[in-house]
Amino acid sequence: MLYSAIRLGMDVVGADGKRIGRVRMVGSTLDAGVLIDRPGRRDLWIAPEAIQEVTATAVVLRVPADAADEVAMTKPPMIGPETP
C-alpha cells in the first residue's frame, strides 16, 4: 500500500465496494492512520493495517463497509506535539 498516495477528500470504501465516507485527515506518521468523515455518523480513525489498497480515487479497507467500526482505532492518535 502506498500510504503517501492518500489525499484529503478521497472516497473510503469497504472491501465490498460500498462507500463509507471521505478522508478528512491523514496522520503525519504511518502509525497515525486516516480519519474518515462519515456524514451523520461518528468519524473513524482507521489504522494503516486496516487498509487493503489505495487506488487513484479511493482508499479501500480490508473489511466490508458495515464492519468499518470494528477496525476503527479505539484511541485517536496524537496529532500534534505532546503537552507536558
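The values are calculated or read from the model by the stated rules, or taken from the named source; none is laboratory data. Remember, it's a predicted structure, so these values are computed and weren't measured experimentally. Ideal geometry is used to build each Cβ from the backbone, glycine not excepted, and the neighbour counts take in all protein chains shown.
Here are the numbers for the structure shown:
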{"item": "Residue pairs meeting the criteria (Cβ under 6 Å; at least 6 apart or on separate chains; first closer than 13 Å to residue 11 by Cα and without any contact (Cβ under 8 Å) to a residue 60 or more places away in the chain, in region 33-46; second of a type in the set (Phe, Trp, Tyr) and assigned to a strand (DSSP E or B))", "result": "35/45"}
{"item": "Residue within region 29-39 that is at pLDDT 95 or above, in contact with a helix residue (DSSP H, G or I) (Cβ under 8 Å, 6 or more places away or on another chain), charged (D, E, K, R) and under 18 Å from residue 3 (Cβ atoms) present", "result": "no"}
{"item": "Options 22, 42, 7: the member that is within 11 Å of the chain's Cα centre (by Cα), at pLDDT 90 or above and assigned to a loop (DSSP other than H, G, I, E, B)", "result": "7"}
{"item": "Close pairs (9 angstrom Cβ cut-off, 6 or more residues apart or separate chains): under 18 Å from residue 52 (Cβ atoms) in region 7-31, assigned to a loop (DSSP other than H, G, I, E, B) and polar (S, T, N, Q) anywhere", "result": "10/55; 10/57; 11/57"}
{"item": "Residues satisfying the stated conditions in region 47-76, i.e. part of a helix (DSSP H, G or I), under 17 Å from residue 10 (Cα atoms) and either more than 9 Å from the chain's Cα centre (by Cα) or of a type in the set (Phe, Trp, Tyr) (or both)", "result": "65, 68"}
